[in-house]
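**Q** I'd like to ask some things about the structure below.
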Amino acid sequence: MAEHANAVVPASGTVHWIGAGLSTGSGLTALCDTADRVRLWHRTEERAAQSLSALGLTGRAEPRAYTLPALAAELAPGDIVVSMLPAPEHGPLLATCVAHQAHFACSSYVSDAVLDHVPAATAAGIVVLTESGLDPGIDHLFAHSLIARAQTEIGADTAAEAGLTSYCGGIPAIPNDFKYRFSWAPAGVLNALRSPARYIENGAETTAARPWEATRTHLVDDEPFEVYPNRDSIPFVDQYALPPAWKPQTFIRGTLRLSGWLDAWQPVFEELRRGDDERIAELAQELAARYPTTDADRDRVVLAVSLDVRTDAGRSWSGRYLLDMQGDAQESAMARCVSRTLALGIRKVLAGTLPPGLSRAAETPERSEEWLAELGQDGIDFSMDSMAP
């Protein structure tokens, strides 16, 4: 009985993609080539149809007006629900999926609301795929791959000091005075800056109450950027399976911005220091109107993940992955990276190769290498360099 209860529900071949914002791109097109049926859910059926037309998918996917009850009425066992909605909406959506034996996928970090439903999803044979976008997503793949390569050279049981940095940013391809254009919810950008960041520096856990105050210069192929820690990096020491024999001297997952960003944003930081929620909500709307990403703008995505390991005996290994992509008239770089990575994960659900319960883009080095190879074939270009004396 236990084995039957935990067997994965076979995928039906139907994908429900919810939301058509700035991160929805050619990954949806790829799913129309793979899935038996795709439905795009948006605020109204008309908006959904317009989004499909813009993607060249009219007639290849069905437009729908999204409400949770409307979605629930169309769900069948084995369907896959893909959420491009804000993270606070994932809990109720996943609960609906579990009730209808539908799989769930998103590109967001795992939230407590999602974790609350994972036991029931696992028991129901439902896949809960998370952290399968750009950041989080491709960054995880890079980190797992680097750590596995370093272990091959250094040895997992060899005493060593390690330094891992993972910086990602969506930035304007052509810098403006503000050094930024909003490619996702402005309130989310500002509130992320209000959240303390925890990371490891000089071998010790460190917390930056105001992350931007920890901004520093970071060179990528001799191009200067500004980077700062984001969220809580510490749990990823275990998630990335850094060997216990390696003591992390530096372990930072953070955000990358154009050089000059710190100075350009000083008026914003003054508002954030005051901490007036109502005013910050107003500020988000003002900045979105002043610095939007329009159809004429081209974005750029830079993801740089580096690992350096040095043994107590003096042996060392260094490796780096770099993704540096610019958007074009057809699709933004952000939409390409997020949607194609998410589509790759959904194809795994369709193929029945993911187990019931919680999965992320990268769970093992082997899966990371597999996904990276497939992303390369899907048009996500990146490079890897390593050095071992």
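The values are calculated or read from the model by the stated rules, or taken from the named source; none is laboratory data. Keep in mind the model is a prediction, meaning the values are calculated, not measured. Note that each Cβ is placed from the backbone with ideal geometry, even for glycine, and that neighbours are counted across all protein chains shown. Side chains are part of the model used for accessible areas, which takes the heavy atoms of the whole protein and leaves out ligands, DNA and RNA. Shrake-Rupley method; radii C 1.70, N 1.55, O 1.52, S 1.80 Å.
**Q** Quick check on my filter: what residues within segment 233-252 are touching a Leu at 6+ places or on another chain (Cβ under 9 Å) and open to solvent by 10 Å² or more (accessible area, probe 1.4 Å)?
**A** 236, 237, 242, 248, 250
**Q** Among the residues in segment 79-89, are any surrounded by 18 or more Cβ atoms within 10 Å (Cβ to Cβ) and farther than 29 Å from residue 305 by Cβ?
**A** The answer is yes; a qualifying residue exists.
**Q** Filtering segment 269-283 down to residues that are surrounded by fewer than 18 Cβ atoms within 10 Å (Cβ to Cβ) and among the hydrophobic types (A, V, I, L, M, F, W, C), which residue is farthest from residue 174 (Cα to Cα)?
**A** 281
**Q** Being more than 21 Å from residue 131 (Cβ to Cβ) and touching a Gly at 6+ places or on another chain (Cβ under 8 Å) is the filter here; which residues of segment 15-61 pass it?
**A** Matches in segment 15-61: 29, 35, 36, 37, 41, 42, 55.
**Q** Related question: Only one of (1) at pLDDT 95 or above; (2) closer than 24 Å to residue 124 by Cα; (3) small (Gly, Ala, Ser) is not met by residue 362, so which one is it?
**A** Tallying (1) at pLDDT 95 or above; (2) closer than 24 Å to residue 124 by Cα; (3) small (Gly, Ala, Ser), residue 362 fails exactly one: (1).
**Q** At least 2 residues that are of a type in the set (S, T, N, Q) and open to solvent by less than 50 Å² (accessible area, probe 1.4 Å) in each: list the strands (runs of 3 or more DSSP E) lying fully within segment 286-372 that qualify.
**A** Result: 299-311, 316-326.
**Q** Another question, if that's okay. Which members of segment 34-45 meet the condition of being farther than 18 Å from residue 85 by Cα and either open to solvent by less than 60 Å² (accessible area, probe 1.4 Å) or not in a strand (DSSP E or B) (or both)?
**A** Listed by number, the residues that qualify are 34, 35, 36.
**Q** Which residues, counting only those in segment 104-151, are open to solvent by 10 Å² or more (accessible area, probe 1.4 Å), polar (S, T, N, Q) and more than 30 Å from residue 79 (Cβ to Cβ)?
**A** Listed by number, the list holds a single entry, 151.
**Q** Quick check on segment 258-265. Is at least one of its residues closer than 24 Å to residue 202 by Cα, at pLDDT 95 or above and of a type outside the set (Ser, Thr, Tyr)?
**A** For segment 258-265, residues closer than 24 Å to residue 202 by Cα, at pLDDT 95 or above and of a type outside the set (Ser, Thr, Tyr): present.
**Q** Tell me the strands (runs of 3 or more DSSP E) entirely within segment 152-227 that contain at least 3 residues that are crowded, with 18+ Cβ neighbours inside 10 Å and either without any contact (Cβ under 8 Å) to a residue 40 or more places away in the chain or touching a Phe, Trp or Tyr at 6+ places or on another chain (Cβ under 9 Å) (or both).
**A** The qualifying strands (runs of 3 or more DSSP E) are 160-172, 197-201.
**Q** So residue 51 clears everything in (1) of a type in the set (S, T, N, Q); (2) open to solvent by less than 50 Å² (accessible area, probe 1.4 Å); (3) at pLDDT 95 or above except one condition, right? Which one?
**A** (3)
**Q** Name the single residue that is most open to solvent (accessible area, probe 1.4 Å) among those in segment 3-33 being assigned to a helix (DSSP H, G or I) and under 25 Å from residue 122 (Cβ atoms).
**A** Ranking the qualifying residues of segment 3-33, first place goes to 3.
**Q** Kindly provide the set of residues from segment 55-71 that are outside any strand (DSSP E or B), surrounded by 13 or more Cβ atoms within 10 Å (Cβ to Cβ) and either out of contact with any helix residue (DSSP H, G or I) (no Cβ under 9 Å at 6 or more places or on another chain) or not basic (Lys, Arg) (or both), ordered by number.
**A** Residues satisfying the conditions are 55, 57, 66, 68, 71.
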